[in-house]
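Report on one structure; see the data block that follows.
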Amino acid sequence: MDIVGTGFLARSLRPLAGRHPDTVALAAGVSLTNGASDADFAREAALLRDVAKQCAANGQRLLFFSTAATGMYGRADGPGREDVRVTPCTPYGAHKFALEEQLRESGTDHLILRLGHLVGPHNRDHQLVPALLGQLRDGVVRLHRGAARDLIHVGDAMTLIDRLLDADLRADTVNVASGFAVPVEDIVDHLARALGLTARKEYLDTGVQHDISTEKLRALVPQVAEMGFGPDYYRRVLNDFIAAGHA
């Protein structure tokens, strides 16, 4: 597999580089869910066009990473599903959905994966868990009341990506997540207890609770049932992140 990019996701994909020689993974582009500019979005759209053309010319499949987070599914009625038309509720979500449509219309052989919140080595400071840790250390955590997020260990995500590529999926879209949305306040409380930190909580009444459907993922990768996903899975994800010295 050829990997385009150098950031968190691209580095996490490196163990798969020796597999799936017919696939190009586009792991570059906008990672800021808030604060990205129109110019940032335009650059990613241009990059996708270029890589898609190269894949089509070389007879390769393009692996594109979208989002299953609140920006995509925040307005969904029930768990966010791949087979239901979505209405993105943030500029980032709308951008990722537009890129999905761009890729589908290109005619390039592809697989689109909508990712939950990946947690692991090389997470960037602006991503969910490092950002919450930074607020904890600063002594004030800003929480959107009722907000919940689906965390998945990056190692587990790579296992699922490997299995999905083995399945030789084409022109398809799959959610890659644990399937269990965790209140953000519970994530903060777990981090605080584990690290002995205290902080004042400030609440905003703009939180979005949503769940990501993993029904399709579980049908395609039956091994999901053995991966330990469940209501307390997030604790292992956070403990592993802390134990690895990233907290």
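For the chain, what is the accessible area per residue in Å² when the probe is 1.4 Å?
Heavy-atom accessible area per residue stands at 46 Å².
Local charge sum around Ser178 (other residues, Cβ-Cβ under 9 Å, Lys/Arg +1, Asp/Glu -1)?
Summing Lys/Arg as +1 and Asp/Glu as -1 gives -2.
Give me the net charge for the shell around Lys216: Cβ to Cβ below 10 angstrom, other residues only, Lys and Arg +1, Asp and Glu -1.
-2
If you line up the long axis of helix 154-166 against the longest principal axis of the chain, both from Cα atoms, how many degrees apart are they, to the nearest 10?
Long axis of 154-166 versus the principal axis of the chain: about 20 degrees.
Could you state the angle between the C-alpha long axis of helix 184-195 and the longest principal axis of the C-alpha atoms of the chain, as a value from 0 to 90 degrees rounded to the nearest 10?
So the helix axis and the longest Cα principal axis differ by about 70 degrees.
Percent of accessible area on the chain owned by carbon and sulfur, 1.4 Å probe?
48 percent
Against the longest principal axis of the chain, how steep is helix 128-138, in degrees 0 to 90 to the nearest 10, with axes from Cα atoms?
30 degrees
What does the charge count near Thr87 come to, summing +1 for each Lys or Arg and -1 for each Asp or Glu among other residues with Cβ under 14 Å from its Cβ?
+1
Arg170: accessible area at probe 1.4 Å, nearest 10 Å²?
80 Å²
The values are calculated or read from the model by the stated rules, or taken from the named source; none is laboratory data. Values in this document were obtained by computation on a predicted structure and should not be read as measured data. No Cβ is skipped: glycine too gets one built from the backbone with ideal geometry, and neighbour counts run over all protein chains shown. Areas reflect the complete protein model, heavy atoms only, side chains present, ligands, DNA and RNA absent. Shrake-Rupley method; radii C 1.70, N 1.55, O 1.52, S 1.80 Å.
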